[in-house]
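A.B. asks: Before anything else, here's the structure in question.
The values are calculated or read from the model by the stated rules, or taken from the named source; none is laboratory data. Here the structure is a predicted model, which means the values were calculated and not measured. Every residue, glycine as well, gets a Cβ built from its backbone with ideal geometry; the counts of neighbours run over all protein chains shown.
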Amino acid sequence: MSQTKPTETSVPDALSELAARAADLRQRIEQASYDYYVLDRPVISDKEYDQLFRELQDLERANPELRTADSPTLRIGAPPQSSLPKHTHLVSMLSLGNAFNDDELRQWADRLTRLVGEDAANSGYSAELKIDGAAVSLTYRGGVLVTGATRGNGIIGEDITANIRTLRDVPLRLRTAAPPDMIEIRGEVYYPFDRFEQMNEARVQAGEPVFANPRNAAAGALRQLDPAVTATRPLRFYGYSVALPPGVSLPFKTQTEVLTTLAEWGIPVAPHHVRCTSLDDVAQWAHEVETKIRAQLSFAIDGGVVKIDSLSLQDELGIVGGREPRWAIARKFAPDIAETRLNDIQVNVGRTGMLNPFAVLEPVEIGGTTVKLATLHNEGLIQKKDLRIGDIVQVKRAGEVIPQVIGPVPEKRVGDLQRWEMPKACPVCRTPVEKDEEEAATYCPNVACPGRQLEGLVHFASRGAMDIRGLSYARIEQMIAAGLIHDVADIYDLTTEKVESLERFAEKSAAQLVEAIAASKQQPLSRLLFALGIRHVGQTVAEVLARHFGSMDAIMAASMEEIADVRGVGEIIAQAVRHYLDDPSAGGLVKKLADRGLTLTEPRRAAADGALRGMTVVITGTLPTLSRAQATALVEEAGGRVTSGVSKATSFVVAGADPGSKLEKARSLGVETIDEAGLLARIGR
């Protein structure tokens, strides 16, 4: 007996230790997910995350009783379902009435004033982005996610809990020590634009049909019967409201407090929400979002949502017809998706010779702008979408500078319409084209192609390259037509007299352009390399090559193997660089640029004791005198590092005009923000 007692007690002791380890693993994995997906501030590597996750999986597999409802392994661990069960919402998910302009918004506010007097206006308003995604409801019991459901008819939705758990930014447990006993958090599941496009590109490569638009793709992904399929879709979530069981009072006083608390609990909340004290402030916010902010967003919106901020006043105002809250309204924007006819598909020849198809559309108004042209990406995408000349197509513009054709509307197709094929010869110079199977792209190999010439000149003068202020696309076309420039070296032969002879140029503007051209001679070799438009050589590769070799002479003398050995370059880029430099016209062009006094060397990196050594800097908005590239160069010369995203690791943010969401994120994280003058002061200039 003395030998069996330790054995009997050792089992629960061992299980207790395993339970403690499992709890620790769950906490560490969820914290890592929160840092990565919500704060955009990863603190552990992917390898470390995978090791923790596998250990938890192994523990739960060997001891199923250790798996809890908030275990991260449930994000992808549920088996496929034969059908989606139904779920009844605690409180109905309502629809919103619409206001399409400021007058209709004012009429809505006037109706509220007639009902409850000046309390409506005195309450203030919460103004929020209206995410164009799939509405969902998340139920938490004791702070743990137990149910995720679609909106359905507003009363009953479909239970998609297993699919919701695959969304990495949805917390499985709320980050609060005192969660409500039960709460439903409402929000939208959406596709970020970049991830949606990447996914469609991958589907093209795999021979699969592309998705028409982010909203429908998000809704379809949520209703998959197999959560493993949903897990492969890059969905994200934003929360915007809460509901408690009937008879339970909300622990918040205002909608603004709801949004703040959701963020504290680890629920992602959409940016650019504000509390407005007057309807004029709401109108100004809506105008700002529609005309400026909307184009900078990485996700689709179709307007804003305006709510009475006081929750008690919301309760007093109630619901209209059982479906619309009186206290909220959608301030709709001009539509960002429209239907029109695809009149033609034409091809533009890019600076590297790539043939880029684009759509010629019957003019249509989208988001307040008349759209006549739209990008079509590549030949493969046209074929996969089965676009035909004469089709009625859907076109989107929100979040994109260049409109895009989403796809055809097959039910509106009439007759046997013409299918499009990539031309066999360059449409500009008639040189037979070459197909790059790896890139699924078609190229004109003629370096002297006039189509490449124009795009190459435009790229050369652009901000990220030689930054010649005032040398626009239209002016370059004008100079080519006048015979003033044929290649980029000719730009440096322009004089005030030559420029002034052109239409729409006065003496002052001509002199300013010539001064900008002269100033660009001081750009370092890295900027010149990028400006030359060598295939595969972007800004980063150009900097790597320039810093490694130090001079254009050294690069031109380097073998393909020597170039490929440079860290971050590789064989494909090295082949492209060597192919460009081996062309006799390239050698002649470099000599012409040297004769005209351009800088063909790269300054050495800053000493380790620079004023910004070890600092991480983010630059956002338009600075008064410095271009983005110039400001980046100054930071790097002072020993700092420029990154694109703001996190708690950011030392400070340099903000100019129209800074966008990065400035807001910096303020929310307590990161210091300075202006251009502050940056120059710190580096002693």
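A.B. asks: Which ones in segment 562-578 are part of a helix (DSSP H, G or I) and either surrounded by 15 or more Cβ atoms within 10 Å (Cβ to Cβ) or assigned by TED's automatic domain parsing to the domain that holds E637 (or both)? Let's see the steps before the verdict.
C.D. replies: First, the residues of segment 562-578 that are part of a helix (DSSP H, G or I): 562-564, 571-578.
Correct list: E562, I563, A564, I573, A574, Q575, A576, V577, R578.
A.B. asks: What residue, of R294, R341, R326, is charged (D, E, K, R), closer than 30 Å to V393 by Cα and surrounded by 19 or more Cβ atoms within 10 Å (Cβ to Cβ)?
C.D. replies: Details: R341 fails: surrounded by 19 or more Cβ atoms within 10 Å (Cβ to Cβ); R326 fails: closer than 30 Å to V393 by Cα.
Exactly one of R294, R341, R326 is charged (D, E, K, R), closer than 30 Å to V393 by Cα and surrounded by 19 or more Cβ atoms within 10 Å (Cβ to Cβ), namely R294.
A.B. asks: Further question: Return yes when T643 is farther than 22 Å from E602 by Cβ and out of contact with any Lys or Arg (no Cβ under 7 Å at 6 or more places or on another chain) and no when it is not. First the steps, then the outcome.
C.D. replies: Working: farther than 22 Å from E602 by Cβ: no; out of contact with any Lys or Arg (no Cβ under 7 Å at 6 or more places or on another chain): yes.
The answer is no for T643.
A.B. asks: How many residues, within segment 414-444, are within 20 Å of D386 (Cα to Cα), within 33 Å of the chain's Cα centre (by Cα), at pLDDT 85 or above and in a loop (DSSP other than H, G, I, E, B)?
C.D. replies: The total comes to 4.
A.B. asks: In segment 629-651, what residues are within 29 Å of A531 (Cβ to Cβ), in contact (Cβ under 8 Å) with a residue 60 or more places away in the chain and out of contact with any strand residue (DSSP E or B) (no Cβ under 8 Å at 6 or more places or on another chain)?
C.D. replies: A629, Q630, A633
A.B. asks: Okay, moving on. What is the number of the single condition among (1) in a loop (DSSP other than H, G, I, E, B); (2) crowded, with 16+ Cβ neighbours inside 10 Å; (3) modelled with pLDDT of 80 or more that H377 does not meet?
C.D. replies: (3)
A.B. asks: Now a separate question. Mind checking whether some residue in segment 347-358 is under 24 Å from the mean Cα position of the chain (by Cα), assigned by TED's automatic domain parsing to the domain that holds R236 and either farther than 30 Å from V537 by Cα or assigned to a strand (DSSP E or B) (or both)?
C.D. replies: Within segment 347-358, none of the residues are under 24 Å from the mean Cα position of the chain (by Cα), assigned by TED's automatic domain parsing to the domain that holds R236 and either farther than 30 Å from V537 by Cα or assigned to a strand (DSSP E or B) (or both).
A.B. asks: So is Q314 of a type outside the set (A, V, I, L, M, F, W, C), assigned by TED's automatic domain parsing to the domain that holds D132 and modelled with pLDDT of 90 or more or not? Outline the logic, then answer.
C.D. replies: Numbers: of a type outside the set (A, V, I, L, M, F, W, C): yes; assigned by TED's automatic domain parsing to the domain that holds D132: yes; modelled with pLDDT of 90 or more: yes.
Yes; evaluated as a whole, the condition is true for this residue.
A.B. asks: While we're looking at this one, here's another question. In this structure, does S559 turn out to be hydroxyl-bearing (S, T, Y), at pLDDT 85 or above, in the same structural domain as D493 (by TED's automatic domain parsing) and within 30 Å of G639 (Cα to Cα)? Before you say what the answer is, go through the steps one by one.
C.D. replies: Working: hydroxyl-bearing (S, T, Y): yes; at pLDDT 85 or above: yes; in the same structural domain as D493 (by TED's automatic domain parsing): yes; within 30 Å of G639 (Cα to Cα): no.
No.
A.B. asks: Pick from D110, D132, D102: which is within 30 Å of the chain's Cα centre (by Cα), more than 28 Å from L244 (Cβ to Cβ) and modelled with pLDDT of 85 or more?
C.D. replies: Working: D110 fails: within 30 Å of the chain's Cα centre (by Cα); D132 fails: more than 28 Å from L244 (Cβ to Cβ).
The conditions single out D102.
A.B. asks: Continuing with this model, one more query. Can you list the helices (runs of 4 or more DSSP H) found entirely within segment 464-538 that contain at least 1 residues being surrounded by fewer than 16 Cβ atoms within 10 Å (Cβ to Cβ)?
C.D. replies: Details: elements: 473-481, 496-500, 507-519, 525-531.
Here the list reads 473-481, 496-500, 507-519.
A.B. asks: Now for a different question. Restricting to helices (runs of 4 or more DSSP H) lying wholly in segment 94-213: which have 2 or more residues that are surrounded by fewer than 21 Cβ atoms within 10 Å (Cβ to Cβ)? Spell out how you get there, then give the answer.
C.D. replies: Values: elements: 102-116, 119-123, 161-164, 193-205.
Where helices (runs of 4 or more DSSP H) fall fully within segment 94-213 and carry at least 2 residues being surrounded by fewer than 21 Cβ atoms within 10 Å (Cβ to Cβ), they are 102-116, 119-123, 193-205.
Results for (1) of a type in the set (V, I, T); (2) farther than 30 Å from G117 by Cβ, shown as yes or no for each residue.
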| residue | (1), (2) |
| --- | --- |
| F299 | no, yes |
| V305 | yes, no |
| D309 | no, no |
| E324 | no, no |
| I329 | yes, no |
| L376 | no, yes |
| E379 | no, yes |
| L387 | no, yes |
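A.B. asks: Continuing with this model, one more query. Which pairs turn up if I take residues in segment 454-481 that are more than 19 Å from L623 (Cβ to Cβ) and assigned by TED's automatic domain parsing to the domain that holds F530 and look for partners that are among the polar types (S, T, N, Q) and modelled with pLDDT under 85 with beta carbon separation below 8 Å, at least 6 apart in sequence or on another chain?
C.D. replies: I480/Q453
A.B. asks: Within segment 234-245, does at least one residue satisfy the condition of being in contact with a Pro (Cβ under 6 Å, 6 or more places away or on another chain), in a loop (DSSP other than H, G, I, E, B) and under 23 Å from R215 (Cα atoms)?
C.D. replies: No: zero hits.
Residue by residue, here is whether (1) buried (at least 16 other Cβ atoms within 10 Å of the Cβ); (2) of a type in the set (F, W, Y); (3) touching a helix residue (DSSP H, G or I) at 6+ places or on another chain (Cβ under 8 Å) holds:
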| position | (1), (2), (3) |
| --- | --- |
| P603 | no, no, yes |
| T616 | yes, no, no |
| T620 | yes, no, yes |
| A633 | yes, no, no |
| K648 | no, no, yes |
| A655 | yes, no, yes |
| D658 | no, no, yes |
| L663 | yes, no, no |
| R685 | no, no, yes |
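A.B. asks: I would also like to ask the following. Does C449 count as within 30 Å of N343 (Cα to Cα), of a type in the set (A, V, I, L, M, F, W, C), at pLDDT 90 or above and in contact with a Gly (Cβ under 9 Å, 6 or more places away or on another chain)? If you could, list the steps in order and put the result at the bottom.
C.D. replies: On the way: within 30 Å of N343 (Cα to Cα): yes; of a type in the set (A, V, I, L, M, F, W, C): yes; at pLDDT 90 or above: no; in contact with a Gly (Cβ under 9 Å, 6 or more places away or on another chain): yes.
Answer is no for this residue.
Let's see how each residue does on (1) in the same structural domain as P268 (by TED's automatic domain parsing); (2) of a type in the set (A, V, I, L, M); (3) at pLDDT 70 or above:
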site	(1), (2), (3)
L25	no, yes, yes
S33	no, no, yes
D40	no, no, no
S45	no, no, no
Y49	no, no, yes
L52	no, yes, yes
E55	no, no, yes
L59	no, yes, yes
